[in-house]
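The values are calculated or read from the model by the stated rules, or taken from the named source; none is laboratory data. Keep in mind that what you see is a predicted model, and the values were worked out from it rather than measured. A quick note on method: Cβ atoms are made from the backbone with ideal geometry, for glycine too, and the neighbour counts reach across all protein chains shown. Remember, those area values only see protein heavy atoms, side chains included, never the ligands or the DNA or RNA. Shrake-Rupley method; radii C 1.70, N 1.55, O 1.52, S 1.80 Å.
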Amino acid sequence: MRTLPLIGLTLDAEQPGGYSKLPWYALRQNYFDSVVRAGGLPVALPHAPELAEQYLDTIDGLLVTGGAFDVDPSLYGGGPAHPTVALKQGRTAFELAMVQGALKRDMPILGICGGEQLLAVALGGTLIQHIPDAVPDALAHEQPNPRTEPGHEVAISEGTLLARVVGGARMAVNSAHHQAVETPGPLAVVNAVAPDGVIEGIESTRHRFALGVQWHPEYAVDAADQGILDAFVAACR
């Protein structure tokens, strides 16, 4: 009998070249490692929107990963796409079906980086399409130093799920994004903000655990990062 909660992780999709002459899936090992450390049993989820409900019948929690692509602006009324926007329509269609289904079931969700942005959109929020064009004097949110190092700090909003999870008012985070949440929507609140005012995390106000962070806690840059994974997996038990 299975004793560990089964955690579904969404995969990135790549075009032919590099690893294979055919389209292929990819995901960094540290995503899986961080779930294992938290006491979960990670499984990869290929992009099949028609199987979303069957996946959701099987898993205990959903982790929506990041990637070098963007949510289609048409999904949040964002108008024409900024020239920097890169889409992966098949991946987004699958992830959106999974997130919407998980929200209906009140299944725990953790959205990381692009996964946080997609969770915000699913909860009725909107996105900034390109931070340098929208935020005066913005930080380098695509940090020049390695992702294994912090890029800046974030202030954690008091009274939020994230604050309870990390147990502090500030965290050092890495930063690898050119977009960000603009408005969290009517079903969510902001739980973390960068020094330049850019939203760094959101969470649902109507679900027991639907949490998104803009940084990558799987790198464990801050001592509190693994606690985010631990709390997510605990909610899946």
In the range 100-120, what residues are closer than 22 Å to Pro217 by Cα and part of a loop (DSSP other than H, G, I, E, B)?
Met107, Pro108, Cys113
Within the range 38-63, how many residues are out of contact with any Leu (no Cβ under 7 Å at 6 or more places or on another chain) and in a helix (DSSP H, G or I)?
8
Do we find a residue being within 20 Å of Leu123 (Cα to Cα), open to solvent by 40 Å² or more (accessible area, probe 1.4 Å) and of a type in the set (D, E, K, R) anywhere in the range 27-46?
no
Wholly enclosed strands (runs of 3 or more DSSP E) of the range 121-237 bearing at least 2 residues open to solvent by 30 Å² or more (accessible area, probe 1.4 Å) and touching a residue at least 24 places away in the same chain (Cβ under 8 Å)
152-156, 180-183, 188-193
Take the range 174-214 and flag every residue that is under 25 Å from Ala140 (Cα atoms), of a type in the set (A, V, I, L, M, F, W, C) and touching a helix residue (DSSP H, G or I) at 6+ places or on another chain (Cβ under 7 Å).
Ala180, Val181, Ala192, Val198, Ile202, Leu211, Val213
Scan the range 148-171 and tell me whether some residue there is more than 20 Å from Ala231 (Cβ to Cβ) and under 16 Å from the mean Cα position of the chain (by Cα).
no
All but one of (1) open to solvent by less than 10 Å² (accessible area, probe 1.4 Å); (2) under 26 Å from Thr3 (Cβ atoms); (3) not hydrophobic (A, V, I, L, M, F, W, C) hold for Thr58; which doesn't?
(1)
Going by the structure shown, is Val85 in a helix (DSSP H, G or I), touching a Pro at 6+ places or on another chain (Cβ under 9 Å) and not charged (D, E, K, R)?
no
